[in-house]
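First comes the structure, then the notes that go with it.
The values are calculated or read from the model by the stated rules, or taken from the named source; none is laboratory data. Keep in mind that this is a model prediction, so the values were computed, not measured. With ideal geometry, Cβ positions are generated from the backbone for all residues, glycine too; neighbour counts draw on all protein chains shown. Ligands, DNA and RNA are excluded from the accessible area calculation, which covers all protein heavy atoms including side chains. Shrake-Rupley method; radii C 1.70, N 1.55, O 1.52, S 1.80 Å.
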Amino acid sequence: MKTRTLPPLRVTPLLRREAESVLAEGETLSAFILDSVARNVEARRAQQMFVTRGLASAARARKSGRYLSAEAVMRKLSRRLTAARAKTRG
């Protein structure tokens, strides 16, 4: 597979110094930028999927007329959080 380059990126001297100041030992600025782009792509895809699932859920609720109260949702989330905390404690 052939690789491609991203467009050149102009930044202020301050932003470049700040980016360089947080590099891990042996990490290049190019590697940092590539990792940052990859993480942002992943985060935006996750956000898009979240919105898509939410819109689909809202459409199903409108169609069926069945909704959950905020209290019921909060109780379920609270139980899930309690279970997750118990799991991490061993």
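Could you size up the charge dipole of the chain around its Cα centre, putting +1 on the beta carbon of Lys and Arg and -1 on that of Asp and Glu, and report it in debye to the nearest 20?
Values: 20 positive and 7 negative charges, 192 e Å.
That gives the chain a dipole magnitude of about 920 debye.
Quote the FRET efficiency, to the nearest 0.05, computed for A24 versus T3 with a Förster distance R0 of 25 Å and r equal to the Cβ-Cβ distance.
Taking R0 as 25 Å, the efficiency between A24 and T3 is 0.65.
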Helical contribution to [θ] at 222 nm, DSSP H n ≥ 4, -39,500 (n - 2.57), averaged over the chain, rounded to 500
-25000 deg cm²/dmol
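Once you have the Cα-Cα distance between A31 and T52, take 0.36 nm times their residue separation minus that, and quote the gain in nm to one decimal. Show your work: numbers first, answer last.
Numbers: separation 21, 0.36 × 21 = 7.56 nm, distance 3.15 nm.
Length difference between fully extended and current span is 4.4 nm.
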Please check: in the Gaussian network model of the chain (C-alpha springs, under 10 Å), which one of E42, E27, E71 has the largest mean-square fluctuation.
E71
Take the chain, connect every pair of alpha-carbon atoms lying under 10 Å apart with a spring to form a Gaussian network, then pick out the residue of T28, T12, T52 with the largest mean-square fluctuation.
T12
Determine ³J(HN,Hα), in whole Hz, for all residues of the stretch 27-39 in sequence, where each value follows from phi through the Karplus function 6.51 cos²θ - 1.76 cosθ + 1.60 and θ = phi - 60°; x replaces Gly and Pro.
7, 8, 4, 4, 5, 4, 5, 4, 4, 4, 5, 4, 5
Solvent-accessible area of M49, probe 1.4 Å, all protein chains present, reported in Å² to the nearest ten, please.
110
Hey, what do the phi angles of the stretch 66-78 turn into as Karplus ³J(HN,Hα) couplings, whole Hz, using 6.51/-1.76/1.60 and θ = phi - 60°, x for Gly and Pro?
9, 10, 9, 6, 4, 4, 5, 5, 5, 4, 5, 5, 4
